[in-house]
Amino acid sequence: MKSPVVRFLCQAVYGLLVLVLALAVFVFGRAAWVFRDRTGGYSLSVAVDARKSAADPKPFRVGFGREDITPPVGAGHPPVWVAGFQNDHAASGVHDPLFAVATALDDGHTRIGLVVLDSIGFFHDDVVAVRRAVPAAAKFDYVIVCATHNHSTPDLMGLWGPTWKLPVAIPIPGVGKLEELPRSGVNPEYRAKVIAAAAKALTAAAGSLQPAKVALHEIAVNPAGLVKDTREPQVFDADLRLMLFTQPDTGAFLGSIVGWGNHPETPWSKNRELTADFCGVIRDALERGIAYDGQTRLKGLGGTHVFVNGCVGGLMTTHPSVTVRDPFLGTDFGEPSHDKTRALGNSLAKLLLERVAASNAPASTMVPLGVRAHTLELPLANQGFFAAAMLGLFERGHSRFGFLRTEVAFLTVGEASIACIPGEIYPELVNGGVIRAPGGDFDIEPLEIPPLRELMPGKVKFLFGLANDEIGYIVPKSQWDVAPPHTLHGGKAPYGEVNSVGPDTAFQLHSAIRELIRDAGQPARP
């Protein structure tokens, strides 16, 4: 007969084993659920050769659609968690509305849809949901869904919800100590509303197609007083790019696609009002003009205008240290405010409107479209992203455990080309200037060369950031700098890597886009 002590020890060991087994079952079960494929093995491969359309030219058409995606804020409504800077940051009101703005491009052979959301980011699963919600009657051959990466919009990624204070800090390797337990800030009903609105805007764009001419503009912009690069090396995506659509017979403006690279976070961390930031100011100015105190300073173009963000990694931002001068008031704005946002947006809109008014740029009605796009897997090396997924913050699927499914695309629109990147790419990867960071983690020469715009054909080369996904920062591997001494950054760990899938992501995406450009079969122009 076993003694009571032995019996107690056996029971304790048995209980511990059961507890360990139960914990293992929970962890592995949770991981299997979290990292499952949520889009049923979705795979996309599009290959449309622009030369086929060029051989049988047909009149070009364009259409536009727009849907309000502003959530209700205030008493009687669930809290809206603002996606930027900190958790527990509920919206207090709405400064100006948020939109899903769409355009449809059709060359008589191929139809492309683009919808841009006033949002922090949109995961690939949600992009797939938008595509599946667009009726077949819209006849799109390819649909692009972009986010402006606006930090004064509702959380659609899960990182900025409320938190629970933990009694004991939990160390997480590679991340730090977890002192609060965050909860997702995504409202599923709002996410469904955005998906439906994006699909509706795309459908409206397809239903409003009409003949159009296309003119291309590229405007050199000095970033000083507009945007700051907060990480070495100092490289910007500060030039404005414009694809302008007009009626062939009357010359009336139908709308445009505008590209520029900067974080929409101008009101900064204390702002709790929802706003489209400078993206909305630019759209409004192009459509309705620029007015102060009821007096028109510049006349608008009419039509519908789509703003697409470019290279925002690095990190491009109108930091509080940046003083923006309002070009019409002559007033300097340093402290973050909605007035500063207006000054920034109108500074850029002024350049666009003046260029359009003064330009005799040729416009064409024969604009062949080309598309190369495919899904790809990226290995998930960021332990923080693993933890966020396990905590239920990142509600996105995975092609398999430890791998994200995402997407890249390359398009040609006549003499314009467009690289679609699924995250926040560093400008040096696109415009040149990748360096071998002294004291960097890998001590290697740059891998992601030549820069993408050097590879891209066409007269005007657009970069659509946060296109069809938001995977975070895309950092050149030779600049990856997690471990000390952080020589390039004054001994301080730079921001970027903490919100990156991993150090190999930039090279994988660069290689994928390079392959798409090669497959398009069009030589790059200087």
Open item on the list: I'd like the full set of residues that are within 30 Å of residue 365 (Cβ to Cβ), polar (S, T, N, Q) and assigned to a loop (DSSP other than H, G, I, E, B), limited to region 71-121.
Closed with: 110
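Assess whether residue 409 counts as being of a type in the set (A, V, I, L, M), surrounded by 24 or more Cβ atoms within 10 Å (Cβ to Cβ) and closer than 22 Å to residue 129 by Cα. Please lay out each step first, then the result.
On the way: of a type in the set (A, V, I, L, M): yes; surrounded by 24 or more Cβ atoms within 10 Å (Cβ to Cβ): yes; closer than 22 Å to residue 129 by Cα: yes.
Yes.
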TODO: Output yes when any residue across region 509-520 is touching a helix residue (DSSP H, G or I) at 6+ places or on another chain (Cβ under 9 Å), surrounded by fewer than 24 Cβ atoms within 10 Å (Cβ to Cβ), of a type in the set (Gly, Ala, Ser) and outside any loop (DSSP other than H, G, I, E, B), and no when none is.
DONE: yes
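For every residue, the table says whether it meets (1) open to solvent by less than 50 Å² (accessible area, probe 1.4 Å); (2) without any contact (Cβ under 8 Å) to a residue 40 or more places away in the chain.
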residue: 252; (1), (2): yes, no
residue: 255; (1), (2): yes, no
residue: 260; (1), (2): yes, no
residue: 272; (1), (2): no, no
residue: 293; (1), (2): no, yes
residue: 311; (1), (2): yes, no
residue: 320; (1), (2): yes, no
residue: 324; (1), (2): yes, no
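Could you list all residues from region 68-121 that are among the acidic types (Asp, Glu), within 21 Å of residue 159 (Cα to Cα) and open to solvent by less than 10 Å² (accessible area, probe 1.4 Å)?
Applying the first criterion (among the acidic types (Asp, Glu)) to region 68-121 yields 68, 88, 96, 106-107, 118.
Imposing the further condition that a residue be within 21 Å of residue 159 (Cα to Cα) reduces the set to 88, 118.
Passing the criteria: only 118.
Those residues that are closer than 12 Å to residue 135 by Cα and open to solvent by less than 30 Å² (accessible area, probe 1.4 Å), I need them from region 199-211; list them, please. Don't jump to the end; show me each part of the working.
Residues of region 199-211 that are closer than 12 Å to residue 135 by Cα, as a first pass: 199-204, 206-207.
If the condition is that a residue be closer than 12 Å to residue 135 by Cα and open to solvent by less than 30 Å² (accessible area, probe 1.4 Å), then 199, 201, 202, 206 are the ones that fit.
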- [ ] May I ask you to list pairs of residues, at least six apart or on different chains, whose Cβ atoms are under 6 Å apart, with the first in region 369-383 being charged (D, E, K, R) and modelled with pLDDT under 95 and the second being buried (at least 18 other Cβ atoms within 10 Å of the Cβ) and not in a strand (DSSP E or B)?
- [x] none
Open item on the list: I'd like the residue in region 352-378 that is farther than 21 Å from residue 413 by Cβ and within 24 Å of the chain's Cα centre (by Cα) and, out of all such residues, is least open to solvent (accessible area, probe 1.4 Å).
Closed with: 378
TODO: List every residue pair whose Cβ atoms sit under 9 Å apart, with the two residues 6 or more apart in sequence or on different chains, where the first one lies in region 409-422 and is β-branched (Val, Ile, Thr) and the second, anywhere, is modelled with pLDDT under 95.
DONE: 412/520; 412/522
TODO: Name, by its number, the condition in (1) open to solvent by 30 Å² or more (accessible area, probe 1.4 Å); (2) of a type outside the set (Lys, Arg); (3) more than 27 Å from residue 408 (Cβ to Cβ) that does not hold for residue 140.
DONE: (3)
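Can you spot a residue in region 8-26 that is closer than 30 Å to residue 160 by Cβ, open to solvent by 50 Å² or more (accessible area, probe 1.4 Å) and at pLDDT 85 or above? Can you show your working first?
Our first condition is that a residue be closer than 30 Å to residue 160 by Cβ; within region 8-26, this holds for 23, 26.
Subsequent filtering for residues that are open to solvent by 50 Å² or more (accessible area, probe 1.4 Å) retains 23, 26.
Restricting the remaining residues to those that are at pLDDT 85 or above gives none.
Within region 8-26, none of the residues are closer than 30 Å to residue 160 by Cβ, open to solvent by 50 Å² or more (accessible area, probe 1.4 Å) and at pLDDT 85 or above.
Given the options 400, 396, 436, name the one that is buried (at least 22 other Cβ atoms within 10 Å of the Cβ) and not hydrophobic (A, V, I, L, M, F, W, C).
Details: 400 fails: buried (at least 22 other Cβ atoms within 10 Å of the Cβ); 436 fails: buried (at least 22 other Cβ atoms within 10 Å of the Cβ).
The conditions single out 396.
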TODO: Look at residue 221 and say whether it is farther than 21 Å from residue 304 by Cα and either of a type in the set (A, V, I, L, M) or surrounded by fewer than 21 Cβ atoms within 10 Å (Cβ to Cβ) (or both).
DONE: yes
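Scan region 356-368 for residues that are among the β-branched types (Val, Ile, Thr), modelled with pLDDT of 95 or more and in a loop (DSSP other than H, G, I, E, B) and jot them down.
Initially, region 356-368 is screened for residues among the β-branched types (Val, Ile, Thr), giving 356, 365, 367.
Next, from what is left, pick out any that are modelled with pLDDT of 95 or more: 356, 367.
367 - this is the single residue of region 356-368 that is among the β-branched types (Val, Ile, Thr), modelled with pLDDT of 95 or more and in a loop (DSSP other than H, G, I, E, B).
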Open item on the list: Step by step: first the residues of region 481-500, then only those that are assigned to a loop (DSSP other than H, G, I, E, B), open to solvent by less than 70 Å² (accessible area, probe 1.4 Å) and in contact with a Gly (Cβ under 6 Å, 6 or more places away or on another chain), then the one that is nearest to residue 233 (Cα to Cα). Which residue is that?
Closed with: 481
Task: Pair list, Cβ < 8 Å and 6+ apart or interchain, from region 33-51 residues that are closer than 16 Å to residue 141 by Cα to residues that are among the β-branched types (Val, Ile, Thr) and part of a loop (DSSP other than H, G, I, E, B) - done: 48/110
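The values are calculated or read from the model by the stated rules, or taken from the named source; none is laboratory data. Computed from a predicted model, the values in this text were never measured in an experiment. Using ideal geometry, Cβ is built from the backbone for each residue, glycine included, and neighbour counts are taken over all protein chains shown. These area figures cover heavy atoms from the full protein model, side chains too; ligands, DNA and RNA do not enter into them. Shrake-Rupley method; radii C 1.70, N 1.55, O 1.52, S 1.80 Å.
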